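Colleague: Below is a structure I'd like to ask you about.
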Number of protein chains: 2
Amino acid sequence: MHSNGPRLRADLPTPALLLDLHAFEDNIAVMAGHLKARNKAFRPHGKTHKCPEVAKALLRAGAIGCCAARLSEAEVFAASGIPGLLITTAVISKGKIARAVALAASAPDTMFVVDDRQNVRDLNEAAAANANREPLNLLVDLNFGRTGITPGQPAVELAQLIDSLPNVTFRGLQSYDGAAAHTTPFDARAARTAMTMGKAVETKQLLERAGLACPLVTGGSTGTYRFDSDNPGITELQPGSFVFMDMEYGTIGGPDGNEYRDFQNSLTVVTTVVSRSPGMAIVDGGYKAFSTDRPFTPRAVGIDGVVFHWAGDEHGRLDVTNASRDVRLGDRIEFLPPHIDPTVNLYDSIYVLRGDRVEDIWPIAARGKSQ
Amino acid sequence: MHSNGPRLRADLPTPALLLDLHAFEDNIAVMAGHLKARNKAFRPHGKTHKCPEVAKALLRAGAIGCCAARLSEAEVFAASGIPGLLITTAVISKGKIARAVALAASAPDTMFVVDDRQNVRDLNEAAAANANREPLNLLVDLNFGRTGITPGQPAVELAQLIDSLPNVTFRGLQSYDGAAAHTTPFDARAARTAMTMGKAVETKQLLERAGLACPLVTGGSTGTYRFDSDNPGITELQPGSFVFMDMEYGTIGGPDGNEYRDFQNSLTVVTTVVSRSPGMAIVDGGYKAFSTDRPFTPRAVGIDGVVFHWAGDEHGRLDVTNASRDVRLGDRIEFLPPHIDPTVNLYDSIYVLRGDRVEDIWPIAARGKSQ
């Protein structure tokens, strides 16, 4: 970190992302320990953090690699020396396919997903130019409402096409059901992921009956990891949000019907009160400081009775009529973000705190890398 | 621009921001011409674009400077040589005040806003350290629902405090009414801004009666510029969104009761179809490609009958059942963003197009600079 930067929580310029290192380390230990005990591989999703330092902390805890939502995100991780990359969205278009081949040449264990026959042929053709002549590693992406191909026979046929071509290799299935991650309550979530993951496991069995090995079935999320890790057909999990958590993930429900408490909130946004009038405090965080895709607003921590209302691109309006303490101009107030991934994507760096001391500043090197 | 980058619209990696240079130049000519004809100064707001190249284009058209929402944004503009900076939110906290003084030392025409007596005293004290010994230029920010001090006597007393201190100079009033900008329809908008700007002009008259010159009254927006520029008490306007426009500004209503058409939509987000299933196309733009703070979703351009639904951080789901043409895997679809400022803040650069040719790539150098 910059030796002349602020060293204390109270001195950081706001709005800023603050990481509680203790909670973060606990979250990683819980997830890594759970998966290790169940003999599942752990390839956490980098789209949450976009930060090579977080990916490295996960590798130190036993992760075998890092997922990336997009090629450009994976390129940043690769440049930081992160191994075992899996790009979880299909790589489409000539320009990106050429870049994918270049990435695989320098990081041969990189995996890509496919859901379309022509895309498989395009990748195979481009991979002929791969400098190290190793085939591209492909997973067949299964569709549970967004991207992917229909599980069962259509997926088997796509795998057979891959198997028939010289410059691509079939490695397995990606089974990601985004809706399962947020299904509430706990039991309904268990049922939903059992249903969708069941289709992936059936597809794996179909493949094996057709004589095609399917060594890898990857999927799962912060919301479903307990269930998926007990599913013998799943080989690896790719949860992301557990490192930081957010308000939304708190609401999906734990086994006791209360808040989901498997992981702690480790990331907050700190703001400053920049204007004060009766009953109201304006903070310096608005649409550019928090993502707004959830139907609730940021929750203040360390002070009760404060209600946040959006007040434009750069401001939040706090109703402080019932605040548990005085709120004065210049006060710093921290908030839990409603949704973590797109909030992190607004910032250039994470301030890493041990208590009130800034231990490090981690660049969010893949911020904005959605291409 | 990078000589080896893509030269054509169809080759740009998606999602990406595309600027139609012709529409952009027209928008600037319309606003600059309108204000020049009414003898109003033009200090457009940089929070929309955060891009020094856009600020320079506005200066070439006659702008006298550039507003910045925050100190860190202004620091980026100053580093690019943009003169006449006005930071439209109060600078609070010791660390930022020291930076403000440093900025004013290198760019002495920079102006700051205040709404609090202690903040004025803090600025005065810090400004004693200003290397060039010139006082800080301060505007009193008037409150119309967010930041600022109550217009009338409270504002006068704050101006008198500034006038009594050696290291700060009272330059005038900032009168920004964010709600007026989006008041619908046209006539209601005219009435609202006449009311709030009227309070600013009354405050100016009170100041002059108290013997304090008030050379500057700044405010106004893309939605209210027609009315504010006819108000003899207003000296300068600070609109921002007109350079690009967006879906929301289209809906505020023109004088004929139809869409607001004073300016053209010049900025789009281009996406690629990355997965295709019956009736549905998945594009590679979601919460990280568009801001989501408006109650509607991006609108496709160049194709009719397509409905965009949010599908997570990285994806949009298009209902293409009634699309006016075939939508295939790999197709590129452009969208108007619902809200321009926080959408621009998601990207590192703007691809500048003349027709289908990439003429330039402009860094959004102040992206993420919300501190």
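Colleague: Where residues in the range B:239-271 are of a type in the set (S, T, N, Q) and within 14 Å of chain A (Cβ to nearest Cβ), which of them is nearest to B:His182 (Cα to Cα)?
Modeller: B:Ser241
Colleague: Kindly establish whether A:Glu53 is away from every other protein chain (no Cβ under 14 Å) and in contact with a Pro (Cβ under 8 Å, 6 or more places away or on another chain).
Modeller: Details: away from every other protein chain (no Cβ under 14 Å): yes; in contact with a Pro (Cβ under 8 Å, 6 or more places away or on another chain): yes.
So A:Glu53 fits the description; yes.
Colleague: I'd like to check something: does the range A:18-32 contain any residue that is within 16 Å of B:Ser93 (Cβ to Cβ), in contact (Cβ under 8 Å) with a residue 60 or more places away in the chain and either charged (D, E, K, R) or surrounded by 16 or more Cβ atoms within 10 Å (Cβ to Cβ) (or both)?
Modeller: Of the range A:18-32, the ones within 16 Å of B:Ser93 (Cβ to Cβ) are A:18.
Still in the running and in contact (Cβ under 8 Å) with a residue 60 or more places away in the chain: A:18.
Pick out the ones that are also either charged (D, E, K, R) or surrounded by 16 or more Cβ atoms within 10 Å (Cβ to Cβ) (or both) and you get A:18.
Checked against the condition, which is being within 16 Å of B:Ser93 (Cβ to Cβ), in contact (Cβ under 8 Å) with a residue 60 or more places away in the chain and either charged (D, E, K, R) or surrounded by 16 or more Cβ atoms within 10 Å (Cβ to Cβ) (or both), the range A:18-32 yields at least one hit.
Colleague: Check the range A:34-56 and report whether any residue there is farther than 21 Å from B:Asp313 by Cβ and among the β-branched types (Val, Ile, Thr).
Modeller: no
Colleague: If you scan the range A:272-309, which residues turn out to be within 7 Å of chain B (Cβ to nearest Cβ), within 16 Å of A:Thr343 (Cα to Cα) and not charged (D, E, K, R)?
Modeller: Across the range A:272-309, the qualifying residues are A:Tyr287, A:Ala289, A:Ser291, A:Thr292.
Colleague: Next question, about the same structure. With B:Gln238, B:Gln264, B:Gln174, B:Gln205 as the choices, which residue is surrounded by fewer than 23 Cβ atoms within 10 Å (Cβ to Cβ) and either touching a strand residue (DSSP E or B) at 6+ places or on another chain (Cβ under 7 Å) or free of Cβ contacts under 8 Å to residues at least 60 places away in the same chain (or both)?
Modeller: B:Gln205
Colleague: Could you please let me know if B:Pro255 is in contact (Cβ under 8 Å) with a residue 24 or more places away in the chain, out of contact with any Asp or Glu (no Cβ under 6 Å at 6 or more places or on another chain), buried (at least 18 other Cβ atoms within 10 Å of the Cβ) and not charged (D, E, K, R)?
Modeller: Answer is no for this residue.
Colleague: Turning to a different aspect of this structure: Which residues, counting only those in the range B:148-173, are more than 14 Å from chain A (Cβ to nearest Cβ) and closer than 27 Å to B:Pro83 by Cβ?
Modeller: Residues satisfying the conditions are B:Ala159, B:Ile162, B:Asp163, B:Leu165, B:Pro166, B:Asn167, B:Val168, B:Thr169, B:Phe170, B:Arg171, B:Gly172, B:Leu173.
Colleague: So, B:Asp116, is that one at the interface with chain A (Cβ under 10 Å from one of its Cβ atoms) and either farther than 30 Å from A:Arg7 by Cα or modelled with pLDDT of 95 or more (or both) or not?
Modeller: yes
Colleague: Further question on the same structure: Taking the condition of being outside any strand (DSSP E or B) and touching a helix residue (DSSP H, G or I) at 6+ places or on another chain (Cβ under 8 Å), how many residues in the range B:235-246 meet it?
Modeller: 8
Colleague: Being β-branched (Val, Ile, Thr) and surrounded by fewer than 19 Cβ atoms within 10 Å (Cβ to Cβ) narrows it down to one of B:Thr110, B:Thr150, so name that one. Write out each step before concluding.
Modeller: On the way: B:Thr110 fails: surrounded by fewer than 19 Cβ atoms within 10 Å (Cβ to Cβ).
Going through B:Thr110, B:Thr150 in turn, the sole match is B:Thr150.
Colleague: Looking at B:Ile87, B:Ile82, B:Ile97, B:Ile92 in this structure, which one is β-branched (Val, Ile, Thr) and more than 29 Å from A:Leu8 (Cα to Cα)? Even if it seems obvious, please write down each step before you answer.
Modeller: Working: B:Ile87 fails: more than 29 Å from A:Leu8 (Cα to Cα); B:Ile97 fails: more than 29 Å from A:Leu8 (Cα to Cα); B:Ile92 fails: more than 29 Å from A:Leu8 (Cα to Cα).
The match here is B:Ile82.
Colleague: Also: Please pick out the residue among A:Lys96, A:Lys56 that is modelled with pLDDT of 95 or more, of a type in the set (Lys, Arg) and closer than 22 Å to A:Val30 by Cα. Before you say what the answer is, go through the steps one by one.
Modeller: Details: A:Lys96 fails: closer than 22 Å to A:Val30 by Cα.
Exactly one of A:Lys96, A:Lys56 is modelled with pLDDT of 95 or more, of a type in the set (Lys, Arg) and closer than 22 Å to A:Val30 by Cα, namely A:Lys56.
Colleague: While we're on this one: Just to be sure I understand, how many residues within the range B:285-343 are in contact with a strand residue (DSSP E or B) (Cβ under 6 Å, 6 or more places away or on another chain) and free of Cβ contacts under 8 Å to residues at least 12 places away in the same chain?
Modeller: Total meeting the criteria: 0.
Colleague: To continue, here is another question. So A:Tyr260 ticks every box in (1) more than 22 Å from B:Gly312 (Cβ to Cβ); (2) part of a loop (DSSP other than H, G, I, E, B) but one. Which box is left unticked?
Modeller: (1)
Colleague: Could I ask something else about it? Looking at the structure I just gave you, is B:Arg354 surrounded by 17 or more Cβ atoms within 10 Å (Cβ to Cβ) and in contact with a His (Cβ under 9 Å, 6 or more places away or on another chain)?
Modeller: The answer is no for B:Arg354.
Colleague: Residue under question is A:Gly145, and the condition is that it be within 30 Å of B:Arg328 (Cβ to Cβ), within 14 Å of chain B (Cβ to nearest Cβ) and among the small types (Gly, Ala, Ser); does it hold?
Modeller: The answer is yes for A:Gly145.
Colleague: Between B:Thr14, B:Thr48, which is within 17 Å of the chain's Cα centre (by Cα), within 11 Å of chain A (Cβ to nearest Cβ) and hydroxyl-bearing (Ser, Thr, Tyr)?
Modeller: Every option except B:Thr48 fails the conditions.
Colleague: Related question: May I ask you to verify whether A:Leu212 is surrounded by fewer than 23 Cβ atoms within 10 Å (Cβ to Cβ), more than 25 Å from the chain's Cα centre (by Cα), farther than 27 Å from A:Ala102 by Cα and hydrophobic (A, V, I, L, M, F, W, C)?
Modeller: yes
Colleague: Need the failing condition index for B:Thr271 against (1) among the polar types (S, T, N, Q); (2) surrounded by fewer than 17 Cβ atoms within 10 Å (Cβ to Cβ); (3) farther than 25 Å from B:Ala29 by Cβ, just the number.
Modeller: (2)
Colleague: Being among the small types (Gly, Ala, Ser) and under 11 Å from B:Ile361 (Cβ atoms) is the filter here, so list the residues in the range B:8-22 that pass it.
Modeller: B:Ala16 - this is the single residue of the range B:8-22 that is among the small types (Gly, Ala, Ser) and under 11 Å from B:Ile361 (Cβ atoms).
Colleague: Restricting attention to the range A:80-107, and to residues there that are among the aliphatic types (A, V, I, L, M) and surrounded by fewer than 18 Cβ atoms within 10 Å (Cβ to Cβ), which single residue is nearest to the other protein chains (Cβ to nearest Cβ)?
Modeller: A:Ala98
Colleague: Does any residue of the range A:224-234 turn out to be among the acidic types (Asp, Glu) and part of a loop (DSSP other than H, G, I, E, B)?
Modeller: The answer is yes, given that some residue of the range A:224-234 is among the acidic types (Asp, Glu) and part of a loop (DSSP other than H, G, I, E, B).
Colleague: Please go through the range B:310-353 and pick out each residue that is away from chain A (no Cβ under 11 Å) and among the polar types (S, T, N, Q).
Modeller: Selection gives B:Thr321, B:Asn322, B:Ser324.
Colleague: Still on this structure, please answer the following. Looking at B:Thr184, B:Thr196, B:Thr218 in this structure, which one is under 21 Å from B:Arg43 (Cα atoms), surrounded by fewer than 24 Cβ atoms within 10 Å (Cβ to Cβ) and either away from every other protein chain (no Cβ under 14 Å) or touching a Phe, Trp or Tyr at 6+ places or on another chain (Cβ under 7 Å) (or both)?
Modeller: Working: B:Thr184 fails: under 21 Å from B:Arg43 (Cα atoms); B:Thr218 fails: surrounded by fewer than 24 Cβ atoms within 10 Å (Cβ to Cβ).
Of the residues listed, the single one that is under 21 Å from B:Arg43 (Cα atoms), surrounded by fewer than 24 Cβ atoms within 10 Å (Cβ to Cβ) and either away from every other protein chain (no Cβ under 14 Å) or touching a Phe, Trp or Tyr at 6+ places or on another chain (Cβ under 7 Å) (or both) is B:Thr196.
The values are calculated or read from the model by the stated rules, or taken from the named source; none is laboratory data. Being a predicted model, the structure only gives us computed values, none of them experimental. Note: ideal-geometry Cβ built from the backbone for every residue, glycine included; neighbour counts use all protein chains shown.
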